[in-house]
Amino acid sequence: MQKTSIFKKQKPFRLPGFSFTLGFSIFYISLLILLPLSMLLLNVTQLSMSEFLQIISDPRAISSYKLTIGSALIAALINVIFGTLIAWVLVRYEFPGKSIMDGIVDLPFALPTAVAGIALSSIYAQNGWIGQFFDFKIAFTPIGIMIALTFIGLPFVVRTLQPVLESFKKEEEEASASLGATRFQTIYRVILPTCIPAILTGFTLAFARALGEYGSVVFIAGNMPFKTEITPLLIMTKLEQYDYVGATAIAFVMLVFSFVFLFSMNCIQWLLQRKKLQGGKA
C-alpha cells in the first residue's frame, strides 16, 4: 500500500499573465494620471473657443510661455553638458570623496524646493556670497530662473546616463584604440552613440521637470509680469484670484506642449534605436 505524503506538492510560482498585468497597469495609470488630466480638459470645455483663445493669447501669458520654455530649454542643455561630465567622472575615476560627491548629486531630489529657492536667492543676490562678485544682477532676473532650473534638473541627466556608462564594455574602447583610433575618435564614434539615448532621456526629464517647477523659482525670479513671471506662477496668481477657468486654460496649453515634446522625443529615441538595430543586422 502506497503511503501518501502529508506535504502536498506545491505548484511553481508564476508571475501574473499578460492580461492581468496589462489591465492593472491601465487601471493604475488611468486612476493617477488620466483621470486628473481629463478633469482639466473638462474644465476647458466650459469656455468657448473665442474665450479660450483670448485667455491663452494674452500678452502676459505669452510672455510667461517664452520665459518658461526658453529658461527650461537652456537649463536642460546646460545639464546635458555638465551632467554628462559629472556622470563620466563618477563612473570612470576613483578619487577621495567620490561617494560624497555621488550623494550630493541627489540633493535636489531630497531638498524641498522652497528651501532651494531661498538658498539660491540668498547666494545670488547682489549682496550674496556669489552675487556680490558680479556687476549685473543674477537673482530676480531670467538668469536666476535658469540657475534654479539647472539646479533641480541636474540629477535627471546624471542618474540616467550613469548606468549606461557603467555597463559599457571597455573591450570596445580597447578594440578601437588597437585599430588606431584616437581618444577623441573613440569617444565620438564608439562611446557617444551608445550614450545618446540616455542623454536624450535625461534631457527630456530635466526639461519636463523645469517646465512645471514652481517652488525653487518663485523666490529667485522676482515675479514681475512681462519680465520674470513664469507660467506656473501665472497659474497660481489666477487661482488666488479665483479665476479657475483662466488658470485651467493656461495649464492646458502647457499640458499640450509637454505632451507634444515628450511624444517627439520618444519618436526620436525610437528612430535611433531602430537605426542602431538595422546597423547591427547589417
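Tell me, please, whether a residue that is aromatic (Phe, Trp, Tyr), open to solvent by less than 80 Å² (accessible area, probe 1.4 Å) and modelled with pLDDT of 85 or more can be found in the range 41-52.
At the first step, the residues of the range 41-52 found to be aromatic (Phe, Trp, Tyr) are 52.
Remaining after also requiring open to solvent by less than 80 Å² (accessible area, probe 1.4 Å): 52.
Within this subset, residues satisfying the condition of being modelled with pLDDT of 85 or more are 52.
Scanning the range 41-52, I find at least one residue that is aromatic (Phe, Trp, Tyr), open to solvent by less than 80 Å² (accessible area, probe 1.4 Å) and modelled with pLDDT of 85 or more, so the answer is yes.
Test Val256 against the stated conditions and say whether it is at pLDDT 90 or above and open to solvent by 40 Å² or more (accessible area, probe 1.4 Å).
The answer is yes for Val256.
State yes or no: is Leu35 on the phi < 0 side of the Ramachandran plot, surrounded by fewer than 11 Cβ atoms within 10 Å (Cβ to Cβ) and in a helix (DSSP H, G or I)? Steps first, answer last, please.
On the way: on the phi < 0 side of the Ramachandran plot: yes; surrounded by fewer than 11 Cβ atoms within 10 Å (Cβ to Cβ): yes; in a helix (DSSP H, G or I): yes.
Yes: the conditions hold for Leu35.
Kindly indicate the residue of the range 76-104 that is closer than 20 Å to Phe203 by Cα and open to solvent by 70 Å² or more (accessible area, probe 1.4 Å) and also nearest to the chain's Cα centre (by Cα) among those meeting that condition.
This residue is Leu77.
Which one is farthest from Ile86 (Cα to Cα) among residues in the range 155-179 that are in a loop (DSSP other than H, G, I, E, B) and open to solvent by 60 Å² or more (accessible area, probe 1.4 Å)?
It comes out as Leu179.
Condition first: under 30 Å from Ala251 (Cβ atoms) and open to solvent by 60 Å² or more (accessible area, probe 1.4 Å). Now tell me which residues in the range 180-221 satisfy that.
Within the range 180-221, Leu205, Arg209, Tyr214, Phe219 qualify.
Where residues in the range 105-153 are in a loop (DSSP other than H, G, I, E, B) and within 16 Å of the chain's Cα centre (by Cα), which of them is surrounded by the most Cβ atoms within 10 Å (Cβ to Cβ)?
Among those residues, the one meeting the criterion is Val105.
Note down all Cβ pairs under 9 Å where the first residue falls in the range 117-140 and is free of Cβ contacts under 8 Å to residues at least 40 places away in the same chain and farther than 18 Å from Lys227 by Cα, the second is open to solvent by 50 Å² or more (accessible area, probe 1.4 Å) and of a type in the set (D, E, K, R), and they're at least six residues apart or on different chains.
That search, which allows pairs on different chains as well, returns Gln126/Lys137; Gly131/Lys137.
Can you confirm whether the range 222-232 contains a residue that is of a type in the set (Phe, Trp, Tyr), more than 20 Å from the chain's Cα centre (by Cα) and either farther than 30 Å from Ala125 by Cβ or open to solvent by 30 Å² or more (accessible area, probe 1.4 Å) (or both)?
Within the range 222-232 (the criterion being of a type in the set (Phe, Trp, Tyr), more than 20 Å from the chain's Cα centre (by Cα) and either farther than 30 Å from Ala125 by Cβ or open to solvent by 30 Å² or more (accessible area, probe 1.4 Å) (or both)), the answer is yes, since at least one residue qualifies.
Residue pairs, Cβ under 8 Å, 6 or more apart or interchain, first in the range 259-272 and under 17 Å from Thr194 (Cβ atoms), second surrounded by 14 or more Cβ atoms within 10 Å (Cβ to Cβ) and among the aliphatic types (A, V, I, L, M). List them.
Correct list of pairs: Ile268/Leu200; Gln269/Leu200; Leu272/Ile196; Leu272/Leu200.
The values are calculated or read from the model by the stated rules, or taken from the named source; none is laboratory data. The shown structure was predicted, so the numbers you read here are calculated from the model rather than taken from an experiment. Using ideal geometry, Cβ is built from the backbone for each residue, glycine included, and neighbour counts are taken over all protein chains shown. Surface areas here come from the heavy atoms of the whole protein model, side chains and all, with no ligands, DNA or RNA. Shrake-Rupley method; radii C 1.70, N 1.55, O 1.52, S 1.80 Å.
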